[in-house]
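One structure below.
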Amino acid sequence: MSNSNFVDYVKIFCRSGKGGAGSVHFRREKFVPKGGPDGGDGGRGGHIYLKGNAQLWTLLHLKYKRHIFAGNGQPGGGMRSTGKNGEDIYIEVPIGTVAKNAETGEVLTEITEDGQVEMIMKGGRGGLGNWHFRSATMQTPKFAQPGEPEEEGYIILELKILADVGLVGFPNAGKSTLLSVVSAAKPKIADYPFTTLVPNLGIVSYRDHKSFVMADIPGIIEGAHEGKGLGLRFLRHIERNSMLLFIVPADSEDINAQYDILVNELKMYNPELLDKKRALAITKCDLVDEQARKDIAKHLPEIPSVFISSVTGEGIDKLKDMLWNNLNE
C-alpha cells in the first residue's frame, strides 16, 4: 500500500431505485367481451449492498466515485405482466469496513468476512396493478398503486484494518523498522517524526509455517485526542486488533511515563481499547549497555515485555514467541 493509494475514509451519496407503478389495464381480445382488469404489478427498485472482498486493502476505488445509484423498477403491463426489477448495486469493500449514516452517525453494518453481503439501502416496492383490486362490487377498478419511493442519503465508509497485533508508540519509536524486520513489508523509514503517514500491514512468519498479521499505526503524541500531531484518526485501525504491542525506545528518559501517556491517549479515544491484551517492546536496546537494561527492567509496567534491537536482531525471536503465546492463550 503506497502512501498515495491508501484511503480509509470515504463519503458517498447513494440512492436506491424507486418502485415501478402498477398498471391500469383491461383485457381486450377478440371474442372476449368485457375481459376485466388485468393490469400487472410494477417491478421493485434496485437495492444497494456492500460486499466484502478479501482482495481489497483500501477504499481507493470509491474515492472518485461519490455517487452510486441503483436502477428504478419498471411499470407493470397488461395481461398481468410484472415490470422489470431495478438493477441492484453491489459495492465491493475491504474486510473491516464499517458503514454509517452520515447525518445520524448510526452504524448501518460491518463487513468482517470475505463474500459477506449486507444491504445498506432498500429499493422501493413496486405498486400493485388494478387486477388486485377487482371485486364483486368493483369489477372495473380504474386505479393502481404507485411504486414506493427510493431511499437516498450520504453514507460514510470507514476501513478498520483487521490485524492480530497493533503497534502503538510515539513517532520514531522504531515501529516501522520492526515491521520491516519481522515481515516482508516495506514501510517508509527515516530519522524524522511522523515518517509513517498511513497504516502498514505485514505478515509475520512464525515456526512450523504459522503466521500472524501485524499493523504499524502512525505515531501518536501526548494530546493526540485534542488533535495534536496526526490526531487519533488512525486509531480506528487498532480497534480490530487482538492485542496491542507498545513500542518505547530504550534511550527514552522515562519509559514508564511514555507508556502511561500512550495508554491515556487510547483511553481518551476509546476506553474499550484498554480491555485488549497488552505487551511492551523496548526497542533500540543496542544503544544502551547491560547495566542500563537491568535498571530499566526494574521499573517496567506489569505486562509482558522484551528488549529488542531491529538493527542487530536481538530479541526478535523472543518477541515473536511472546506475541504468539499471548494471541493463542
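The values are calculated or read from the model by the stated rules, or taken from the named source; none is laboratory data. None of these values were measured; they are calculated from a predicted model. Neighbour counts are summed over all protein chains in view; Cβ atoms, including those assigned to glycine, are modelled from backbone coordinates with ideal geometry. Side chains included, ligands, DNA and RNA excluded: accessible areas come from the protein's heavy atoms. Shrake-Rupley method; radii C 1.70, N 1.55, O 1.52, S 1.80 Å.
Being small (Gly, Ala, Ser), under 40 Å from the mean Cα position of the chain (by Cα) and either open to solvent by 50 Å² or more (accessible area, probe 1.4 Å) or within 16 Å of Gly43 (Cβ to Cβ) (or both) narrows it down to one of Gly115, Gly147, so name that one. Matching residue, one of Gly115, Gly147: Gly147.
Filtered by the rule that a residue be closer than 23 Å to Asn241 by Cα, of a type in the set (Val, Ile, Thr) and part of a strand (DSSP E or B), region 92-138 gives Val93, Thr97, Val98, Val107, Thr109, Ile111, Val117. Scanning region 194-219 for residues that are in contact with a strand residue (DSSP E or B) (Cβ under 7 Å, 6 or more places away or on another chain) and β-branched (Val, Ile, Thr), we see that the one that is modelled with the highest pLDDT is Val204.
Could you tell me whether region 51-68 includes any residue that is in contact with a Ser or Thr (Cβ under 7 Å, 6 or more places away or on another chain), within 30 Å of Leu162 (Cβ to Cβ) and not in a loop (DSSP other than H, G, I, E, B)? No, that holds for no residue. Pairs, please: C-beta under 7 Å, at least 6 apart or cross-chain, first residue more than 12 Å from Gly315 (Cα to Cα) and in region 273-286, second of a type in the set (Lys, Arg)? Going by the 7 Å Cβ cut-off, the qualifying pairs are Leu274/Lys267.
Among the residues of region 72-91, are any in contact with a Lys or Arg (Cβ under 9 Å, 6 or more places away or on another chain), more than 21 Å from Trp131 (Cβ to Cβ) and not in a loop (DSSP other than H, G, I, E, B)? Yes, region 72-91 contains a residue that is in contact with a Lys or Arg (Cβ under 9 Å, 6 or more places away or on another chain), more than 21 Å from Trp131 (Cβ to Cβ) and not in a loop (DSSP other than H, G, I, E, B).
I'd like the residue in region 129-139 that is out of contact with any Gly (no Cβ under 7 Å at 6 or more places or on another chain) and touching a residue at least 60 places away in the same chain (Cβ under 8 Å) and, out of all such residues, is most open to solvent (accessible area, probe 1.4 Å).
Within region 129-139, the match that is most open to solvent (accessible area, probe 1.4 Å) is His132.
Quick one: in region 1-53, which of the residues that are more than 25 Å from Gln145 (Cα to Cα), charged (D, E, K, R) and under 25 Å from the mean Cα position of the chain (by Cα) is surrounded by the most Cβ atoms within 10 Å (Cβ to Cβ)? If we take residues in region 1-53 being more than 25 Å from Gln145 (Cα to Cα), charged (D, E, K, R) and under 25 Å from the mean Cα position of the chain (by Cα), then Asp8 is surrounded by the most Cβ atoms within 10 Å (Cβ to Cβ).
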